[in-house]
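Just so you know, all these numbers are worked out from the coordinates, no wet-lab data involved. Just so you know, these numbers come straight off a predicted model, no measurement behind them. We place every Cβ from the backbone using ideal geometry, glycine too, and count neighbours over all the protein chains shown.
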Amino acid sequence: MASLRGPWLVAAITSVCSMGFMLFGYDQGVMSGVVISSYWLDTMGNPSELVIGTITALYDVGAVVGAVLAAFTAEPLGRKRTLLLGALLVAVGGLLMSASLTRTQFMAARVIVGIGIGYTTSVTPVYQSEISAHEQRGWQVCCQLTTMLLGLLLAYCLNYAFYFHPGAAQWRFPLAFQCVFAIYILALAPFLPDTPRWLLRHDETPDRGLSVLARLRGKSEDDHAVQREMTEILNVISLESKEQGTWGDLFRSNGVSANKRFYLAVGIQFMQQMSGINIITYFAPTLYKTTLGMSQETALLLGCFTQLWYVMASFVTWYTIDRIGRRKLFISMALAMSVVFVGEALATAAGTPAGAVAAVVCLFLFEACFTWGWMACVWIYPPEILPLRIRAKGSALAAAADFVGNWIVVEITPIGIAKMGWQFFLVWAMFNLVNAVVVWLVYPETGGLVLEAVDHVFTEDIEGHMLQGSGFERLQWARVRVAAQAVKESKARMRDPSILDESERGLLEDAEESSDDEGRLL
């Protein structure tokens with residue numbers, strides 16, 4: 001691997017990071033077929049709906065623990081070794097799950113896998129962002145989340161394929177297969193470098209960090225662009241060493257509303273799970289079989305098509321996420337998901353063949369709305385909204401909040417479907433409506449702003465914005481209007497380079513040059 005340079009080295013690291021997200025997606029989907037397998041149910045002692053929800057949700061409990069631990073260990077261990085640790089835990093837990101003979105053994109293994117996933121999902125976005133050129137980070141986040149959906153699709157397809165294999169292999173093989181992704185990481189990652197940022201921070205000399213940076217950019221170490229990027233990294237490291245963020249800084253303003261921004265980051269990731277996406281991700285075959293009365297075979301096959309559509313729809317976000325902005329996508333898609341859940345409830349309540357078809361269509365529509373508004377945007381928003389001092393810690397705890405919400409949804413879904421039937425969907429319709437209102441009231445736009453401009457949104461005097469707007473707009477947090485104005489001005493400057501100052505014009509020229517280089521590579 002030492003001979004890899006430029007796009008080939010970036011591609012190798014990206015493939016490892018993508019495997020981390022594929023593990024995430026595969027683990028989310030694989031239990032959907034396992035929990036309706038009669039062979040698994042017999043081995044587990046035919047657990048009740050509540051116990052099934054608990055067994056499934058233990059993965060999320062482990063993921064919360066893993067995400068929190070990653071906040072402590074990612075810096076001393078480095079990005080690469082943290083990823084390796086997560087992959088090792090997933091491999092061990094996956095093997096134990098597939099070989100389980102008792103419910104207790106299965107539950108313990110499920111927690112181990114969850115801890116591993118908590119590590120990998122916390123560190124892979126950091127690893128990817130720190131080796132990527134700045135103009136490529138946004139779409140690469142969408143790319144990794146599409147990879148996650150491919151893992152989800154593969155889990156559903158394997159569940160369907162092994163439905164035709166009578167015996168314990170029907171559930172043991174799909175659970176064991178996740179080890180393939182973990183082994184890929186364990187085999188390849190040791191030969192890849194850690195990020196230049198981590199190396200420059202922790203090595204006594206900048207030599208190794210500079211060497212890796214030059215390899216990533218495919219240029220010599222004395223190249224002007226490489227030297228400039230290294231200087232920028234060292235300047236940031238110097239600033240961080242002077243103002244090292246503490247855990248207490250998460251809950252203090254520090255003049256930049258750090259505490260409020262931390263609450264926004266945690267809130268948006270928790271709200272993602274309150275959309276109800278994992279009712280479908282984990283339990284689509286259960287919905288098809290129990291609620292709509294389909295056979296197990298038909299439920300598994302339709303689950304495969306549901307996830308295939310999920311993957312296809314995710315490509316739209318690659319185009320829209322930067323052009324439309326995070327805030328508009330959050331609000332519009334939350335409202336759309338609320339309407340879709342109402343439709344799902346009505347179609348399920350009808351209890352007719354036409355109603356069953358409409359219910360399936362609603363599930364497909366829901367997944368499209370979610371991936372367009374609440375998938376990639378949610379993972380991008382915390383690093384964008386958080387100030388530098390608490391960005392790493394705040395992002396890790398925001399990811400933990402996502403898994404807490406995930407655990408709640410997975411825990412209550414089986415019993416909710418069993419006890420409430422079609423009315424269960426109305427609960428989630430209301431949650432999505434609340435999500436839309438909360439985002440409209442207090443969540444500023446971050447798309448189109450450099451991170452320093454986001455800081456300015458929270459330090460600018462808001463007196464002139466307090467009385468802006470009319471009617472209901474005055475209910476919004478003033479920072480929302482400050483951000484809207486900042487985004488408007490930023491877009492105006494990009495459309496008319498003549499109004500850029502010298503430093504901004506230089507950044508724009510560098511971005512255009514990088515885009516041209518990427519186009520030639522493609």
Report task. With a cut-off of 13 Å, note down the residues of segment 433-449 whose backbone N falls inside the zone around a label point 7 Å from the Cα of Leu475 toward its beta carbon. Result -> 434-442
Query raised in the report: Using the eigenvalues of the Cα gyration tensor, what equivalent ellipsoid semi-axes result for segment 284-395 when each is taken as the square root of five times the eigenvalue, whole Å, largest first?
Result: 33, 15, 13
Query - 16 Å reach of a label modelled at Val339, 7 Å along Cα-to-Cβ, counting backbone N of segment 391-434 - result: 429-430, 432-434
**Report entry** Principal axis box of segment 72-176, alpha-carbon based, largest edge first, Å
**Finding:** 51, 29, 14
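Nearest 500 deg cm²/dmol is fine: what mean residue ellipticity at 222 nm does the chain get from its DSSP H runs of n ≥ 4 alone, each adding -39,500 (n - 2.57), divided by its residue count?
Result for the chain, helices only: -26000 deg cm²/dmol.
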Report summary line: Using the Kirkwood radius over Cα pairs of the chain, the Stokes-Einstein translational diffusion coefficient at 25 °C and 0.890 mPa s, in µm²/s and rounded to a whole number, is 102
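If you count, for each residue, the other Cβ atoms within 10 Å and average over each peptide, how do 261-273, 69-81 line up from highest to lowest? Before the final figure, lay out each step's value.
Values: 261-273: 22.9, 69-81: 18.7.
Peptide ranking by packing, descending: 261-273, 69-81.
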Query raised in the report: Sorted by average packing, counted as other Cβ atoms within 10 angstrom per residue and highest first, what order do 202-209, 420-427 take?
Result: 420-427, 202-209
Query raised in the report: Relative contact order of the chain: what whole-number percent is it, with Cα pairs under 8 angstrom and at least 6 residues apart?
Result: 20
Report summary line: Taking N as the residue count of segment 1-157, its alpha carbon Rg divided by 2.2 N^0.38 Å gives 1.13
Report task. Give the calculated FRET efficiency between Asp461 and Phe315 to the nearest 0.05, with a Förster radius of 41 Å applied to their Cβ-Cβ distance. Result -> 0.45
Query raised in the report: What are the radius of gyration and Dmax of segment 98-240, computed over its Cα atoms and given in Å?
Result: 20.6, 63
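With a 10 Å Cβ neighbour count serving as the proxy for reagent exposure, in which order, fewest first, do Met97, Met107 appear?
The most exposed by this proxy come first: Met107, Met97.
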Requested in this report: Let me know the charge dipole size of the chain about its Cα centre in debye, to the nearest 20, where only the beta-carbon of Lys, Arg (+1) and Asp, Glu (-1) is charged.
Outcome: 1220
Requested in this report: With unit charges on the beta carbon (Lys/Arg positive, Asp/Glu negative), name the residue among Ser100, Phe425, Thr43 whose Cα is farthest towards the positive pole of the charge dipole of the chain.
Outcome: Thr43
Requested in this report: For the pairs Lys260/Lys488; Lys289/Lys419; Lys260/Lys393, note any where the Cα-Cα span goes beyond 18 Å.
Outcome: Lys260/Lys488
Query raised in the report: How big is D, in µm² s⁻¹, for segment 347-469 by Stokes-Einstein at 25 °C and 0.890 mPa s if Rh is the Kirkwood radius over C-alpha pairs?
Result: 138
Query raised in the report: For Ser132, Ser395, what ranking results if the residue with the fewest other Cβ atoms within 10 Å of its Cβ goes first?
Result: Ser132, Ser395
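If R₀ is 22 angstrom, what is the calculated FRET efficiency for the pair Glu297 and Met420, using the beta carbon separation as r and rounding to 0.05? If you can, show how the numbers build up before the last one.
Details: r = 27 Å, r/R0 = 1.21.
For R0 = 22 Å, the calculated efficiency reads 0.25.
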